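Here is the structure we will look at.
The values are calculated or read from the model by the stated rules, or taken from the named source; none is laboratory data. Values in this document were obtained by computation on a predicted structure and should not be read as measured data. When we count neighbours, we look across all protein chains shown, and the Cβ atoms used for this are built from the backbone with ideal geometry, even at glycine. SASA here: full protein model, heavy atoms, side chains in, ligands and nucleic acids out. Shrake-Rupley method; radii C 1.70, N 1.55, O 1.52, S 1.80 Å.
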Amino acid sequence: MEYFLTDEQKMIKELARKIAEEKILPKRAEYDENEIFPHDIVKVLADSDLFGVFVPENYGGLGYGVFELCLVIEELSRVCGGIALSYAGTALGTFPIVLFGNEEQKNKYLPHIAKGRIAAFAVTESGSGSDITNLNTTAKKDGDWYILNGTKQWITNGGEAETYVVIASTDKSKGARGSTAFIIEKGWDGFEFGKKEKKLGIRASATRELVFTNCKVPKENVLGREGMGFLITIKNFDTSRPGVASQALGIAQGAYEAALEYSHQRKQFGQPISSFQAIQHMLADMATQIEAARTLIYQTAKTIDSGAKNYSKESAMCKLFASDVAMKVTTDAIQVFGGYGYMKDYPVEKMFRDAKITQIYEGTNQIQKNVIGIELIKELAKKKK
């Protein structure tokens, strides 16, 4: 399907695909098996200026938008969703600074990220996954400093990132208005890393605990102002969810392409299995669902880039739909491969494992339905006024 990309967008997409094919493909199985963080790939992406895609030009970036970011994530994830996450997770940790940082903060952090410094976003805790208002990590004001104590769990790029945006409770009595966002740097006193998780999929991505023990954060590193942590989190996820959807889309595309190619090669009863109507129907469903997901993601990303004020519903829709498509397509891809698909010798087994997390992180798909439902009710109420 033709999406009428500009010449610059085509160049970005082609560059990301070239890196995926030439640099990621030869290493994806090894990095997945041994849980190796892809520092070498990060350097290639940085040297190719792809980290600058989501950073404004004023701060050393290329000044593109969410749409171009999605193009890159999709192409990288088509080959390896885990390795792609080092890049996508950095965007997640960068958007809060782009959206809410003051000039001093933007000038201090964004040029380094544009050159390949890894970033991360930390809100999840053991007792607050979907419920991001229930934080036990605290930040107490002490003169010109905030003192952070607590533990963040399941943080993408944890331990590898140099820059972290961390959400902590500054006043529990205020509920959703009682949390604050802080920019924190790796190596600060009182900031350490805990358990590195062993995961089903995305194993080339680092997922770690962040541990804060009387960590002193200068007041200049508050994002926005005190009490804006919940708002920053919601806006960050609304902006970044098309990126998760693009990760799911890329994984689905890679699995579909592998299944299509295999169906032409594999012969049963004296003919390629692609000649059987049952297989043709599976492939048809895969291709249709992938294109539907791609259209929804691209349109949502363009809506965000247009300057629209509210895109929570569309963002949740594309994350919900694309991640379900990824799970369905990778499951069917294994079925097309038959017994071989269950083996690590073929990539669809890994793609199946990688796809599952896209239904869970940055808000489970059940939470996405909640978001969509609330927005639909709001729209109805507005029409009735």
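To keep it simple, each residue is scored yes or no on (1) among the charged types (D, E, K, R); (2) farther than 30 Å from VAL55 by Cα; (3) at pLDDT below 95.
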site: THR295; (1), (2), (3): no, no, no
site: THR300; (1), (2), (3): no, no, no
site: GLU314; (1), (2), (3): yes, no, no
site: MET317; (1), (2), (3): no, no, no
site: LEU320; (1), (2), (3): no, no, no
site: SER323; (1), (2), (3): no, no, no
site: MET327; (1), (2), (3): no, yes, no
site: ASP332; (1), (2), (3): yes, yes, no
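For the condition under 20 Å from SER173 (Cβ atoms), among the β-branched types (Val, Ile, Thr) and either open to solvent by 10 Å² or more (accessible area, probe 1.4 Å) or not in a helix (DSSP H, G or I) (or both), what is the one hit in ILE155, ILE147?
Numbers: ILE155 fails: under 20 Å from SER173 (Cβ atoms).
Going through ILE155, ILE147 in turn, just one is under 20 Å from SER173 (Cβ atoms), among the β-branched types (Val, Ile, Thr) and either open to solvent by 10 Å² or more (accessible area, probe 1.4 Å) or not in a helix (DSSP H, G or I) (or both): ILE147.
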For the range 270-293, name all the residues that are open to solvent by less than 80 Å² (accessible area, probe 1.4 Å) and without any contact (Cβ under 8 Å) to a residue 40 or more places away in the chain.
GLY270, GLN271, PRO272, SER274, SER275, PHE276, ALA278, ALA284, ALA287, ALA292
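Could you tell me which residue of the range 158-180 is surrounded by the most Cβ atoms within 10 Å (Cβ to Cβ), considering only residues that are assigned to a loop (DSSP other than H, G, I, E, B) and touching a Phe, Trp or Tyr at 6+ places or on another chain (Cβ under 8 Å)?
Of everything passing the filter in the range 158-180, GLY158 is surrounded by the most Cβ atoms within 10 Å (Cβ to Cβ).
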Return yes when GLU226 is closer than 20 Å to THR90 by Cα and outside any helix (DSSP H, G or I) and no when it is not.
no
Go through the range 163-190 residue by residue and tally those that are within 19 Å of LEU92 (Cβ to Cβ) and not aliphatic (A, V, I, L, M).
7
Given the criterion closer than 26 Å to ASP40 by Cα and either open to solvent by 30 Å² or more (accessible area, probe 1.4 Å) or out of contact with any Leu (no Cβ under 9 Å at 6 or more places or on another chain) (or both), identify the matching residue among LYS196, LYS219.
LYS196
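On the given criteria, is SER86 over 27 Å from PHE182 (Cβ atoms) and polar (S, T, N, Q)? Walk me through how you get there before you give the answer.
Details: over 27 Å from PHE182 (Cβ atoms): no; polar (S, T, N, Q): yes.
So SER86 does not fit the description; no.
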For the range 331-374, name all the residues that are open to solvent by less than 20 Å² (accessible area, probe 1.4 Å) and of a type in the set (Asp, Glu).
ASP354
Residues located in the range 256-269, provided they are more than 13 Å from ALA293 (Cβ to Cβ), part of a helix (DSSP H, G or I) and open to solvent by 10 Å² or more (accessible area, probe 1.4 Å):
GLU257, ALA258, LEU260, GLU261, TYR262, HIS264, GLN265
For the range 1-74, which fully contained helices (runs of 4 or more DSSP H) count at least 1 residues that are open to solvent by 90 Å² or more (accessible area, probe 1.4 Å) and aliphatic (A, V, I, L, M)?
7-19
Taking GLN253, is it under 24 Å from ALA91 (Cβ atoms), at pLDDT 95 or above, outside any strand (DSSP E or B) and not β-branched (Val, Ile, Thr)?
yes
